[in-house]
Amino acid sequence: MKNKAIINNLWIDNDNMEEVMYQKTKDTELIKYTKLIVKDGFIRLEKALKSFECDAIIEDFDSYCSTFKDESDSHTLKTGLHSRLCNFHLTSINASSAIVIEKIMKLLDFWFDDEAAVCTSLFFEQSTEQAIHRDSPFFCTEPYGLFFGVWFALEDIKLEAGPLN
């Protein structure tokens with residue numbers, strides 16, 4: 001880690017964020033997405049994954065469920081879909097490749113001011129439909145609280161599905 005000091009937040013949370021950002025980079029894409037994450041609290045990277053990559057991850061999940069049918073059936077919801085699967089990236093090469101795509105890791109490295117790492121993943125076949133909540137109790141990081149959530153839509157989003165926006 002470049003900066004060994006324990007910090008309570010990311011540099012993008014500081015009041016002088018823009019000044020620091022322009023000292024760190026001239027990369028217009030990093031600047032654009034940093035301004036958006038600060039302004040809106042999220043960014044949308046359209047087509048970060050190609051359709052065939054999304055299909056491959058879904059195929060891996062279907063194969064996983066077929067291979068471990070008894071276990072996967074025990075986690076089937078009333079809708080017939082499965083609840084969340086933790087750390088699917090450890091089983092699926094396609095999921096593992098998706099979560100470290102260069103564009104996302106470049107942003108995370110920039111925001112963390114250090115090399116980012118994937119700690120865990122969740123695969124949802126159906127949303128958990130959770131109310132607003134904090135994930136920080138479930139992600140123990142050093143320094144504490146330095147993590148980002150990255151979400152991929154592996155299928156076309158329909159308005160009735162309740163998309164994130």
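The values are calculated or read from the model by the stated rules, or taken from the named source; none is laboratory data. Source: prediction; values computed, not measured. Cβ placement follows ideal geometry from the backbone for every residue including glycine, while neighbour counts extend to all protein chains displayed. All accessible areas refer to the heavy atoms of the entire protein, side chains included, with ligands and DNA or RNA removed. Shrake-Rupley method; radii C 1.70, N 1.55, O 1.52, S 1.80 Å.
Return the residue satisfying two criteria in turn: it lies in the range 66-98 and is open to solvent by less than 40 Å² (accessible area, probe 1.4 Å) and not in a helix (DSSP H, G or I), and of such residues it is farthest from Lys26 (Cα to Cα). Result: His82.
Listed by first and then second residue, the pairs with beta-carbon distance under 7 Å, at least 6 apart or on different chains, first residue in the range 132-152 and without any contact (Cβ under 8 Å) to a residue 24 or more places away in the chain, second open to solvent by 100 Å² or more (accessible area, probe 1.4 Å), are Phe139/Cys119; Trp151/Leu164. Being over 23 Å from Phe139 (Cβ atoms), touching a strand residue (DSSP E or B) at 6+ places or on another chain (Cβ under 7 Å) and among the hydroxyl-bearing types (Ser, Thr, Tyr) holds for only one residue in Thr25, Thr120, Thr76, and it is Thr76. Total residues in the range 36-65 satisfying the condition of being of a type in the set (Gly, Ala, Ser) and surrounded by fewer than 14 Cβ atoms within 10 Å (Cβ to Cβ): the figure is 3.
When residues in the range 109-145 are screened for being within 20 Å of Trp11 (Cβ to Cβ) and either open to solvent by 100 Å² or more (accessible area, probe 1.4 Å) or at pLDDT 80 or above (or both), 11 of them pass.
For the range 153-165, the criterion of being among the acidic types (Asp, Glu), surrounded by fewer than 14 Cβ atoms within 10 Å (Cβ to Cβ), free of Cβ contacts under 8 Å to residues at least 40 places away in the same chain and not in a loop (DSSP other than H, G, I, E, B) is satisfied by at least one residue. Determine whether Glu102 is out of contact with any helix residue (DSSP H, G or I) (no Cβ under 6 Å at 6 or more places or on another chain), charged (D, E, K, R) and open to solvent by 70 Å² or more (accessible area, probe 1.4 Å). Yes.
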